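Beneath this line is the structure, given in structure tokens, with notes to follow.
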Amino acid sequence: MKKMKKLAALAVAALTLTASLTACGGGGSDTNADGTFTPTKTITWVCTSGAGGGSDIFSRKIADIMKNEDLVNGQTIVISNETDGAGEVGRNKIATMTMNADYNLLTFNSGDLMPMVTNTANRSSNFRILAIMAVDKQLLFSCGSATGKTAYAKTGADMTDFAAAIEAAKNGTYVVIGGSKGDDIATYQALIEELGLTEDQMGYITYDSTGDAITAALGGNLDFVISKPAAASQYVESGDLTPALALSTERFGGNLADAPTLSEIGDYENVEVPVWRGVAAPKAMSDAAVAFWSDALKKVSETQAWNDEYLVPNQLISQYMNSADATAYVSEFEADYMASNGLS
Amino acid sequence: MEKRKVNSRILVPIITAIIAIVFIVVGLQDFGFWEGQPTAAFFPIIIAVVLLATSLLCLVQMLRSNEDAPVYNRNELMVILGGGGIIIGCYIIGLIASCLLYLLLWLKVIEKATWKATIIIEVFMAALILGVFVFWMQVQFPVGLFAYLM
Amino acid sequence: MLENFASLLSGFQVVFDPQNIGVCMLGAILGLIVGAMPGLGSLAGVALLLPLTYKFNPTTAIIMLGALYYSNMYGGAFSAILLNIPGDSPAITTALDGYPMAKKGRPGQALMTANFASFIGGTIGILILTITASGLAKLGLNFGYAEMTLILLIAMTSISWLIGENPTKGVVITMLGILVASIGMDTLSGVPRYNFDNIYLMGGITFTPFIIGAVGFAQVIKLVNERKADEEKRKSGTYEAVKLSIRSSMLTRHDFKRLLPPVLRSSLLGTFVGVLPGSGATTGSMVGYAMQKKFKSEEPMGTGAIEGIAASESGNNSAAAGAFAPLLALGIPGSGTGAVLLGGLMMWGLNPGPLLFETNPDFCWSLISSLYIANIFTLAVAVAVIPFLIKILSVPIKFMIPIITCVCIVGAYSTSYSMYGVIVMFVSGIVGYILDKNGFPTAPMLLAFVLAPMLEENMRKAFIASQGSLSVFADSTLKIVLLAIFLVLVLTPSFKALMRKIKSKNSTSV
């Protein structure tokens, strides 16, 4: 008898617990009668970088604007930072998701795509690419004021003159460049290939973030550092970093205008590896939902807040592409990247 | 000469030696050791070699010594099973539910605790998980399979 | 320097505004909770409170977050001392002496030691920060990879003091810790290593779940054996209820005398360690603890010595204060939490970087002065909660087992928002338990796990920058001094052992 009572109590407890948790979730599509899509539940936005980083700020800013401008039918957008497996777990999860596919978004940048195709079998074609929001370019900076600890700096060379560094590298002085993972490495490789140098002549040190690389440059541990304008602008302002080379087909403006492009300092082609920031979704997302999100992102890209609070402070170039254009752009980028890295 | 006892204590050094060998072989296969500068496997291989050497030394010590094998008792196994149970439960009924269910089962079945104590602990833990982790820290715990089925 | 104090005073004027005092207090309390909860660290706390602070003006916001970050360092020690589960990684070394001391029946004093050591350590750190402000940060920058490699090698020698009676086992476990840490993405080449084609392992073994498991869960598994004894003690009435008042937790004059020297040493060293880019509070507490091993302690370290807790906690808090120097003066975050704070600064419309002290002096000095206030508040709160904390110890062990198991699981999940964290915690718990059963100490494994990746990274960067030349480790006076310290630390024990052997040989032969 007593045992029965206990069991019954357990069963009731278990039932109420499970029941209380079933309020959320559930499948099904929310496509309207006219074939359009309106969100009616909480949206999960996966960001495969940690809180506080560039991708995180990008995701949260868009989510903020979508909410403030009432673009998502009053639903909440929850940003979920999923960094397991260096982000590959989160990307794989989104790619293969079938349940609730219309309610899951993923921040997808060139810096995410590169390690993904290098280290896993996951490809951009496993996602729906919803939009590209902005592109970014890079520059080489140097820190003239630091007490140089490198072989090149010890020769007493003018650190702001990249042309001299190229000559020195060709003549056997080791020049060392630093930068972040992903897209910075790709740019470095494109650069030394164009210059006809090897990694033993002009080496590269990978850092966890651009911030770490700049720290190293300020300490004189690097000759040059690759960075996007945003991360370096304060140091340029204060005179700690000097822009030495624009990795772009044309010069930058503002306080970065002094940096020449590669074709200006020698007989080389300009090196430019565009760094794009975009949004992707599960392969299983319905066409109606893809159209809805692509459009919502377009509206975000047209707001004043997006320009004033995101693009301008981070010195990004606004370049909205809708789902079809973005998909074509990303596949071409991926094919190029894989070809140049001998991946298949 | 006294007969040496060979017991489960030799397992740990044997396992660490195997781990060391795996790290050396995989490291050499995938990356090599030194290519003008240290490779990705340079540091781990050095460490693995030291681990292999000390594991073997440790094994010899164990074979020579007369210490008794450690005793693993049933109660300890129960704790491990309990933890494993919660993890399996997370995938089925969700994390919060399986934690609370585990507490209930453990307190009533294993510890034979009173209902009063059980309820106090259940309420306390529920308040802690929901209050601090869910509402304040906004951790989204997994809800398990049922949540999707129902 | 006088100028700095004048600016500090104006900073205090800003902070002594009812609203700022209010948020400072709130931050301190929240920080304590977050810090004491295994799995939640200052990173989670600051990241999640950040959106709340958008409505404040930047100064008020940073006061709250600064207080939270700061008091979090206190909180980590609580669960380390009471439950042997370090709330965050700097508390690993606190647990080494804190838990034994609590077991010896002095949990109140152990907590009090931690609180006061944190307070003094923090105060010294903040004072140094006030005086030197940006100069210190610039000094830290001048440390290259070779210097960092040598400093980390010195820190690694601390492991040898924790190894226990069987050196072979100690080395095995240390190496195992290093190998486990090497799984995952190799930062320098950007390729995954030793992930055995597993997508989860590509990101490595996550640190916090690993400690929660190897220390916390392993502890629970062992605890089950004490359940019977605990219950009988309670039944037979010989059980002594732990005293619950603050008064009885007070440290004696003698305790204070023991506490002070290690705290002073550790704080100075800790502040300096905190300033070095990328080292942080964990290295601070470990280096402090390691150094204390070189000095006399009344009880042997690791058996519940006040000196051990004091050295570890003051190293932790002073490093946390020191880490603000590069953040404010150069815009360089010393840790993950620093990075989030930096993100916050940008959201509030400030430009963190080398110009911050010039363009926003109010902001910088209010932050520094709020650290003083936060430090005092946190001490008050931390002392006041001791009686409540000690109540945890009067909960019967049989109830603690399921409760801690749940806390371990919930905490492990919260660190990475994934079941992977829980599984890492569970597996490392079982491994830790088996190792413990076989007489392998787990503390060296944890220290190696933290320090080895930093060591490897700096060493390899040194090699890349010098194209593989060994001379990079000895080509300046500073490096030679560091190298000499390292060699002395490594060689003295063996030299001493050798001398003893020779002596004993001589005495037998004579």
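If you take the beta carbon distance between B:Leu128 and B:Tyr91 as r and set R0 to 30 Å, what does 1/(1 + (r/R0)^6) give as a FRET efficiency, to the nearest 0.05?
Values: r = 22 Å, r/R0 = 0.75.
After rounding to 0.05, the efficiency reads 0.85.
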Self-check item: Shielding of C:192-204 by partner chains, average beta-carbon count, 10 Å
Solution: 6
Practice problem: Could you calculate the FRET efficiency of B:Glu67 with C:Thr252 from 1/(1 + (r/R0)^6), where r is the beta carbon distance between them and R0 is 41 Å, rounded to 0.05? | Solution: 0.50
Self-check item: Extension gain (nm, one decimal) between A:Asp158 and A:Arg251, 0.36 nm per residue minus Cα-Cα
Solution: 31.4 nm
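Rounded to the nearest whole Å³, what is the per residue volume of the convex hull around the Cα atoms of region B:1-71? It would help to have the intermediate numbers written out before the result.
On the way: hull volume 6.0 nm³, N = 71.
Cα convex hull per residue, to the nearest whole number: 85 Å³.
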Practice problem: Would you please classify the overall shape of the protein assembly as shown from the alpha carbon gyration tensor, given that a ≥ b ≥ c denote the square roots of the eigenvalues, rounded means a/c under 1.5, and beyond that prolate means a/b larger than b/c while oblate covers the rest? | Solution: rounded
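For n ≥ 4 DSSP H runs only, could you compute -39500 (n - 2.57) per run for chain B, divide by its residues and tell me the 222 nm figure to the nearest 500?
Numbers: 6 runs with 93 residues, N = 150.
-20500 deg cm²/dmol, from helical runs alone.
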Self-check item: Signed unit charges on C-beta, dipole axis of chain C, positive-most listed residue C:Thr492, C:Cys364, C:Met459
Solution: C:Thr492
Quiz item: Just the C-alpha atoms of region C:88-241: what Rg/Rh do they give, with Rh taken as the Kirkwood radius?
Solution: 1.06
Exercise. Just subtract the alpha-carbon distance of C:Glu165 and C:Leu26 from 0.36 nm times their residue separation and send over the number in nm, one decimal.
Key: 45.4 nm
Quiz prompt | Whole-angstrom Cα spans of chain B along principal axes, big to small | solution = 58, 54, 28
Quiz item: C:Val427 versus A:Ser318, label points 7 Å from Cα toward the beta carbon: distance in nm?
Solution: 4.8
Quiz prompt | Among B:Val25, B:Ile45, B:Leu56 - extreme Cα towards positive end, dipole of region B:1-71, charges at beta-carbon | solution = B:Leu56
Self-check item: Longest segment of chain C lacking GluC sites (Glu not before Pro) that sit in a DSSP loop with at most 16 other Cβ atoms within 10 Å
Solution: C:299-510
Quiz prompt | Kirkwood-Stokes translational diffusion coefficient of region C:174-238, alpha-carbon pairs, 4 °C, 1.567 mPa s, µm²/s | solution = 88
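Quick one: divide the alpha-carbon radius of gyration of chain C by 2.2 N^0.38 Å and tell me what you get. All intermediate terms of the calculation are to be shown ahead of the outcome.
Numbers: Rg = 22.9 Å, N = 510, 2.2 N^0.38 = 23.5 Å.
Chain C yields a ratio of 0.97.
Which longest run of chain A has no exposed loop site in it, a site being GluC sites (Glu not before Pro) in a DSSP loop with at most 14 other beta carbons within 10 Å, and the site itself not part of the run?
Details: sites that count: A:Glu199, A:Glu250, A:Glu269, A:Glu302.
The longest uninterrupted stretch comes out as A:1-198.
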Practice problem: Would you calculate the separation in nanometres between label points at C:Glu358 and C:Ser504, each defined as 7 Å from the Cα along the Cα-to-beta-carbon direction? | Solution: 6.6
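Got a sec? How would A:Asp184, A:Asp56 order by Cβ neighbour count within 10 Å, fewest to most? Don't skip to the end; give the middle numbers.
Working: A:Asp184 27, A:Asp56 20.
Listing A:Asp184, A:Asp56 from fewest to most nearby Cβ atoms yields A:Asp56, A:Asp184.
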Practice problem: For A:Lys283, go through the lysines and keep the ones whose alpha-carbon is under 26 Å away, minus same-chain ones fewer than eight residues off. | Solution: A:Lys41, A:Lys61, A:Lys67, A:Lys93, A:Lys298, A:Lys299
Quiz item: Taking the Cα-to-Cβ direction at A:Val78 and at C:Asn57 and moving 7 Å from each Cα, how far apart do the two end points lie in nm?
Solution: 3.6
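Coordinate-derived values only; no laboratory data. All values reported here derive from a predicted model rather than from experimental measurement. For neighbour counting, all protein chains shown are included, and Cβ atoms are generated from backbone atoms with ideal geometry for every residue, glycine included.
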